[in-house]
Amino acid sequence: MPPRPPHTSPRGVRLPLAALFAAALALSGCATASSLRTAATPLATYTLNPLPAPAAPVRSGARVAYVADPTASAAISGDRIVIKPDPIQVTLAGDGRWIEALPLHVKGLLARSLANTGRFAFVATSAAAPLPDVTLLIDIDAFQAEILPAGGAPARAVVSMTLTVVRDADGRLVASRRFQKAADAPATNARSLVLAFEAANDALLREAIPWATATMTGRPGA
């Protein structure tokens with residue numbers, strides 16, 4: 001039986017099979033190294049801001065408020081900035097992330113905003129605190145950038161959450177209300193999206209915090 005001829009390239013150059021395997025492995029290694037470098041590239045980290053304290057001093061209230069851990073869907077519960085190209089698809093901004101998992105970040109923003117009103121004796125976010133008089137429950141309905149049709153802004157930051165106030169003495173539901181705000185983003189990079197989230201979230205806090213404060217303190221004018 002005649003010996004098997006070595007592999008021949010399209011140009012007729014004879015190459016040993018070992019050389020072909022080595023070349024394939026080298027290409028595979030380059031692709032893997034490129035993927036690892038991309039995965040290891042640090043993402044820019046972003047944070048949103050709570051409402052500031054009022055310029056004029058406010059008489060402190062006597063109530064202790066507890067802000068519970070928010071509930072949210074798995075799609076928005078991580079620390080990545082979520083983009084929805086359409087109602088059934090979820091993607092992530094490739095050049096930025098939140099400073100912490102989104103539900104914890106939202107909880108901190110609400111707690112600091114409530115504390116900054118000066119209307120509470122204490123605003124707690126953990127069990128290691130004085131016994132609360134009222135608890136604020138948070139259900140985050142939406143916290144994503146939505147891609148818009150061509151002809152206008154490329155994306156819109158949508159922030160939506162339901163706040164519920166419960167009295168701790170007897171577990172009675174005091175009140176519940178849904179808040180939603182949106183702001184257009186001029187581009188889909190992380191920084192542009194975060195600036196839109198900041199505008200939408202600030203508008204939501206300016207509506208939600210007065211409502212929550214009045215509901216939790218029993219003072220409509222608070």
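Derivation of every value follows stated rules applied to the coordinates shown; laboratory data play no part. Values in this document were obtained by computation on a predicted structure and should not be read as measured data. Note: ideal-geometry Cβ built from the backbone for every residue, glycine included; neighbour counts use all protein chains shown.
Pairwise Cα distances in the stretch 44-217 exceed 25 Å in 34 percent of cases. The distance between label points at Ala68 and Val174 comes to 1.4 nm (points 7 Å beyond Cα on the Cα→Cβ vector). Averaging Cα coordinates gives a centre for the stretch 39-94 and one for the stretch 108-169; these two points are 8 Å apart. Estimated from the Cβ-Cβ distance and a Förster radius of 35 angstrom, the FRET efficiency linking Leu131 and Asp95 is about 0.20.
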